[in-house]
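Some notes on the structure that comes next.
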Amino acid sequence: MNKIKESSIAGAFYPADTEELKKMIESFKAQSKNYYADRKARAVIVPHAGLVFSGRVAYEGLEQLDKEIENLFIIAPAHRVPFDGLALSSHTHWETPLGKIKVNRAICKDLIKNHGAQINDEAFEPEHSVEIQVPLIQSIFEKAKIIPILVGKETPEVIEKIIEEYYPQEANGFIISSDLSHFLDDEKAKNLDTVTAQMLETGNVGGFRYEQACGAVAVVALAMFANKNNYSLIRIDMTNSASTTGDKSRVVGYGSWFLYEGEKSNYLEKYCSQFMIDLVKIVINSAFDKGKNITINYPQIFDEWGASFVTLEKQDMLRGCIGSIIAHQPLINDLVNNAKNAAFKDYRFKPVAADEVKDLKVAVSLLTNPVKIDFKGEKDLLKKIKAKKDGIIIKDGNHQAVYLPSVWEQLPDKTEFLNSLKVKAGLKEDYFSDNFEAYRFATTYIKEK
């Protein structure tokens, strides 16, 4: 027998009128930037404020999900009714002005049996954090069922275990429903939300605090799952309520991310290679149009911090190469700065002239974080260096130098590679000391064809 949960928030968090609701969702679709082409994700983090405030950001997040998903877990924090553990709905269907959507009762029963969840309809009745996603789901997915889960007093490990169990089945997808900072002024909110974004995007969520996100438990759980599987959380959008209201005195932060089954650099290589090559050329050309301002539209993945090198070649000869070893700023800024510096501030070369630009070939290297190599003496270091794979940084006192992995093409011998790197650092080829340090890193190398 069907048991239908009627809307608790229609007319408050979204329009109660069907046509008005459809029109609102259509406006989100029209505003979607369509920066992310794959749209095959199976887990997202999206906000859950009233649709007029965060609906566009949530819609863009849900749009990244694979449309073949059959079961959508909506994991959201309980704001109104306190309880321990996880709460489930006893209903067979949830209803909004867009119609009814089925609940996967079989999965709900399994969550009760194996994960300690409990039926708690009382907790869902005044709650918005799950239901606010339902009209958006109904507008994007034709056949998907939902598994509404409210999180009370619980640990991220419990949520991660659920994701871990159900993620391998491609029919399953996960919506982590969470806003970011609450009721700070615009500047403080942006600062805190930027810290939150960096923690999620680097996987360093050990010190994550509840004030960073109301759905912190599930947000951290998804980040832990990503870390364990070498997956990445890719930023789609991040803003706050001031973008809608204009009131910067007391805002709520909104962000959306999707889970990519691989490293961020792989995603950038697969989907953003041409953008990065074009960006370097635009930046260099703009230096010769000094009165002209350039506007660059880019996906927010480039607002994530990243370390890059920009390499310029002319007639197969190096014409400039400058980069960052450690991620210390948004990748978009890093690429722009390194493009300018490679063209005009590489001390080994004269600045690029306007008539040379057409002959330049561009390459971009995206760097992982350096890892220190432990060794006993130079011979041991040479054994541990992986030829044709490692980028190497050496340090000794005030002397430092770096070679990208691409340098192995010119210096394939380990000893020759290391000796040349010493000379670049201002040391002699036969130099070595107890203070000598070496670090390895990997790169994703993107070269203009």
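Where a number appears in this text, it was derived from the coordinates with a stated rule and is not lab data. Just so it is clear, the model here is predicted, and its values are computed rather than measured. As a convention, Cβ positions derive from the backbone with ideal geometry for all residues, glycine included, and neighbour counts pool all protein chains shown.
Against the compact-protein benchmark of 2.2 N^0.38 Å, the Cα-based radius of gyration of region 43-168 scales to 0.99.
Take Met317, Met24 and order them by how many other Cβ atoms sit within 10 Å, fewest up front. Could the numbers behind the result be given before it?
On the way: Met317 7, Met24 19.
Neighbour counts put them in this order, fewest first: Met317, Met24.
By the equivalent-ellipsoid construction on the alpha carbon gyration tensor, region 4-262 comes out with semi-axes of 24, 22, 19 Å, ordered largest to smallest. So for region 184-306, what percent of the C-alpha to C-alpha distances run longer than 25 Å? Tail of P(r) above 25 Å: 37 percent of Cα pairs. Computed on region 127-178, the Cα convex hull volume stands at 84 Å³ per residue.
In this simple spin-label model, placing a label point 7 Å from the Cα along the Cα-to-Cβ direction at both Lys361 and Leu382 gives a separation of 3.1 nm.
Counting other beta carbons within 10 Å of each residue's own, what order do Glu313, Glu142, Glu127 fall into, fewest first? Mind dumping the intermediate values first?
On the way: Glu313 17, Glu142 7, Glu127 22.
Result, fewest neighbours first: Glu142, Glu313, Glu127.
One quarter of the surface of the convex hull around the alpha-carbon atoms of region 266-367 equals 6.6 nm², the direction-averaged projected area.
Neighbours of Leu427, meaning other residues whose beta-carbon lies under 11 angstrom from its beta-carbon, give a summed charge of +1 when Lys and Arg score +1 and Asp and Glu score -1. Taking the Cα centre of region 294-358 as origin and assigning +1 to Lys and Arg Cβ atoms and -1 to Asp and Glu Cβ atoms, the resulting dipole is close to 280 debye.
Charge dipole of the chain (Cα centre as origin; +1 on each Lys and Arg Cβ, -1 on each Asp and Glu Cβ, all else neutral): 1020 debye, rounded to the nearest 20.
Compute the normalised compactness of the chain: alpha-carbon radius of gyration over 2.2 N^0.38 Å, N being the residue count. Before the final figure, lay out each step's value.
Numbers: Rg = 25.5 Å, N = 449, 2.2 N^0.38 = 22.4 Å.
Taking the Cα Rg and dividing by 2.2 N^0.38 Å, one obtains 1.14.
Comparing Cα centroids, region 112-152 and region 346-386 end up 50 angstrom apart.
When each of Arg56, Arg80 is scored by the number of other beta-carbon atoms lying within 10 Å, the sequence from fewest to most is Arg80, Arg56.
Dipole size in debye (nearest 20) for region 371-447 around its Cα centre, Lys and Arg Cβ +1, Asp and Glu Cβ -1?
On the way: 15 positive and 12 negative charges, 65 e Å.
Using Cβ point charges on Lys, Arg, Asp and Glu, region 371-447 gives about 320 debye.
Set the Förster radius R0 to 51 Å, insert the Cβ-Cβ distance between Lys22 and Phe432 as r into 1/(1 + (r/R0)^6), and round the FRET efficiency to 0.05. Walk me through the numbers on the way to the answer.
Details: r = 71 Å, r/R0 = 1.40.
Efficiency, from the Cβ-Cβ distance: 0.10.
Farthest toward the dipole's positive end in the chain, which of Ile137, Ala401, Leu88, given Cβ charges of +1 (Lys, Arg) and -1 (Asp, Glu) about the Cα centre? Final value for the positive-end residue is Ala401.
Each part reduced to its alpha carbon centroid, region 240-311 and region 178-220 end up 20 Å apart.
Within region 166-203, find all residues whose amide N lies under 17 Å from a label point positioned 7 Å from the Cα of His79 along Cα-to-beta-carbon. Backbone N within reach: 176-184. What residue among Glu95, Glu356, Glu263 has the largest mean-square fluctuation in a Gaussian network model of the chain, using Cα springs under 10 Å? Its mean-square fluctuation being the largest, the pick is Glu356. Peptides 425-435, 167-177, 250-260 ordered by packing proxy, namely the average of other Cβ atoms within 10 Å per residue, highest first: 250-260, 167-177, 425-435.
For the listed peptides 128-137, 181-190, a ranking on the average number of other beta carbons within 10 Å per residue, highest first, reads 128-137, 181-190. Across region 143-232, counting alpha-carbon atoms alone, Rg and Dmax equal 14.0, 42 Å.
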